[in-house]
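Below: the structure, in structure tokens.
Bear in mind that the values in this text are calculations on the coordinates, not laboratory data. Values in this document were obtained by computation on a predicted structure and should not be read as measured data. Methodologically, a virtual Cβ is constructed for each residue, glycine included, from the backbone with ideal geometry; neighbour enumeration extends over all protein chains shown.
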2 protein chains.
Amino acid sequence: MDNQQIKDAGLKVTRPREKILGILERSGRRHLSAEDVYKELLTNGDDIGLATVYRVLTQFEGAGLVCRRHFETGQSVFELNSGDHHDHLVCVRCNRVVEFVDSVIEERQSAIAAQHGFHIEDHSLVIYGVCTDCAVKG
Amino acid sequence: MDNQQIKDAGLKVTRPREKILGILERSGRRHLSAEDVYKELLTNGDDIGLATVYRVLTQFEGAGLVCRRHFETGQSVFELNSGDHHDHLVCVRCNRVVEFVDSVIEERQSAIAAQHGFHIEDHSLVIYGVCTDCAVKG
DNA sequence: TAGCAAGATGCGAAAGCTTCTCAGTTGTCT
DNA sequence: AGACAACTGAGAAGCTTTCGCATCTTGCTA
Ligand SMILES: [Mn+2]
Ligand SMILES: [Mn+2]
Ligand SMILES: [Zn+2]
Ligand SMILES: [Zn+2]
């Protein structure tokens, strides 16, 4: 049950937190901006402030429940943390997001970091392009 | 001479443009934020507005003279366009930046994009970690 | 070289995203 | 139920970046 995840994070189970987690779990698009979540709440008739949405998403991130991504759209997007790392392909026309994992790339990254004496903490790989649908539509 | 690059970009040769290009060329740190450039101008006694710095950097970017990077520091950084693509390692402690190119990664990226029917336009790969110096300092 | 028009500049205002402040409310534990 | 820390909504504020506009320059022409 959702509530347990919230409790395990050391957070009180409140309506905003339940609703926001629910939206992230049930959303078809897996990558939502704070504004997206906020609008979804409004649509559902929930009277929750935008500041709370940001606060909760940040707390969920701190607790490892969600991941924050920085695509080049000007706003962060959030997704449930599946536990497995992955990278992203983003369509510059329609913003469709495709996820992928490539072990060859992961290995090369470790090698490169080591080679330069860096202790890797994280990395971000985003490929921007035009998806098939958008290519067809000209 | 610098002025030619500016002219070739279809821009008038003005003091702000000459100074900003000069700073990018002479800077030890190759990756500067607009604010960094602005402060450098102030230090040199040049009375150039921050808005102009942003405008000029954006124009230079459009002309292919500089590249804009989006590391996760909250502000964009700019560097002279060397003509050769490269990716970045960034130290999360001291912000040191190391550049690298890895053909294996580049190839895998093309393959992945193709595999998902994406026509690649661009990509951004940043590895975040702790550099040797910072690791030593605890 | 003087004059002109397009283009550039600096300033402050404003936009866009995100965080903060604070008074009032709610969840949790006893 | 009562106490208290935690949480919330609303608006103010913070930050980076862009805009609007009156004024100044550059590059060209006569
Ligand atoms: Mn994802
Ligand atoms: Mn670089
Ligand atoms: Zn698309
Ligand atoms: Zn460092």
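Which loop trypsin sites (Lys or Arg not before Pro) in region B:1-87, with loop taken from DSSP, have no more than 10 other Cβ atoms within 10 angstrom of their Cβ? Don't skip to the end; give the middle numbers.
On the way: sites: B:K7, B:K12, B:R17, B:K19, B:R26, B:R29, B:R30, B:K39, B:R55, B:R68, B:R69; in loops: B:K12, B:R29, B:R30.
Here the sparse-neighbourhood loop sites are B:K12.
Only Lys, Arg, Asp and Glu count, each charged at its Cβ (+1, +1, -1, -1), so figure out the dipole size of region A:87-136 about its Cα centre, rounded to 20 debye.
260
Among A:H88, A:H116, A:H70, the largest mean-square fluctuation in a Gaussian network model of chain A, built with springs joining Cα atoms closer than 10 Å, belongs to A:H116. By other beta-carbon atoms within 10 Å, ranking A:E107, A:E40 with the fewest at the front produces A:E107, A:E40.
Summary for B:G138: label point 7 Å along Cα→Cβ; distances to the equivalent points in the other copies, ascending, 6.5 nm. For region A:58-122 versus region B:66-129, the spacing of their alpha-carbon centroids is 13 Å.
Contact order normalised by length for region B:2-80, with contacts defined as Cα pairs under 8 Å and 6 or more residues apart; what percent is it? Display every interim value, and only then the final one.
Values: 81 pairs, mean separation 23.9, N = 79.
It rounds to 30 percent for region B:2-80.
Given the convex hull over the Cα atoms of region B:16-82, what projected area results after averaging over all orientations, in nm²?
Values: hull surface 16.8 nm².
Taking a quarter of the hull surface, the average projection is 4.2 nm².
With the simple spin-label model, which puts each label point 7 Å out from Cα in the Cβ direction, the B:T14 to A:T73 separation comes to 3.5 nm.
The distance between label points at A:E121 and B:V104 comes to 2.6 nm (points 7 Å beyond Cα on the Cα→Cβ vector).
Can you pull the mean other chain C-beta count within 10 Å for peptide B:82-95? Mind dumping the intermediate values first?
On the way: counts 0, 0, 0, 0, 0, 4, 0, 9, 4, 4, 4, 1, 0, 0.
Per residue, the average neighbour count from other chains is 2.
Put simply, the convex hull of the Cα atoms in the protein assembly as shown casts, on average, a shadow of 18.8 nm².
Using only the alpha carbon atoms of chain B, find the Kirkwood hydrodynamic radius as the inverse mean reciprocal pair distance, in angstroms to one decimal. Averaging 1/r across every pair of different Cα atoms and inverting gives 16.8 Å. Normalised by the number of residues in region B:70-138, the average gap of Cα pairs under 8 Å and 6 or more apart makes the relative contact order 36 percent.
For chain B, the longest principal axis of the alpha carbon atoms and the long axis of helix B:15-26 meet at an angle near 40°. So for chain A, taking the charge dipole from beta-carbon charges (+1 Lys/Arg, -1 Asp/Glu), which of A:A63, A:N44, A:V130 sits furthest toward the positive end? Result: A:N44. A cut-off of 5 Å between modelled amide H atoms, ignoring neighbours fewer than 5 places along the same chain, links A:F71 with A:V77. Between the Cα long axis of helix B:34-43 and the first principal axis of chain B there is an angle of about 40°, rounded to the nearest 10. Projecting label points 7 angstrom from Cα along Cα→Cβ for B:A111 and A:D47 puts them 5.7 nm apart. Ordered by the number of other Cβ atoms lying within 10 Å of each residue's own Cβ, fewest first, B:H85, A:H119, B:H31 fall into the sequence B:H85, A:H119, B:H31. Summing Cβ point charges (Lys, Arg +1; Asp, Glu -1) relative to the Cα centre of the protein assembly as shown gives a dipole of roughly 740 debye. In a simple Cβ point-charge model (Lys, Arg +1; Asp, Glu -1; nothing else charged), chain A has a dipole of about 440 debye relative to its Cα centre. The calculated 222 nm mean residue ellipticity attributable to helices in chain A amounts to -13000 deg cm²/dmol, summing -39500 (n - 2.57) over DSSP H runs of n ≥ 4 and dividing by all residues. Largest GNM mean-square fluctuation across A:D122, A:D84, A:D46, computed for chain A with C-alpha springs under 10 Å, falls on A:D122. Taking the number of Cβ atoms within 10 Å of each Cβ as an exposure proxy, the fewest-first ranking of B:I48, B:I6 is B:I48, B:I6. Rounded to the nearest whole Hz, the Karplus-based 3J(HN,Hα) values (6.51 cos²θ - 1.76 cosθ + 1.60, θ = phi - 60°) of region A:75-87 follow the sequence 9, 6, 10, 10, 9, 4, 7, 6, x, 9, 5, 7, 10, with x at glycine and proline.
With axes computed from alpha carbons, what is the tilt in degrees of helix B:50-62 against the longest principal axis of chain B, rounded to the nearest 10 within 0 to 90? The angle comes out near 50 degrees.
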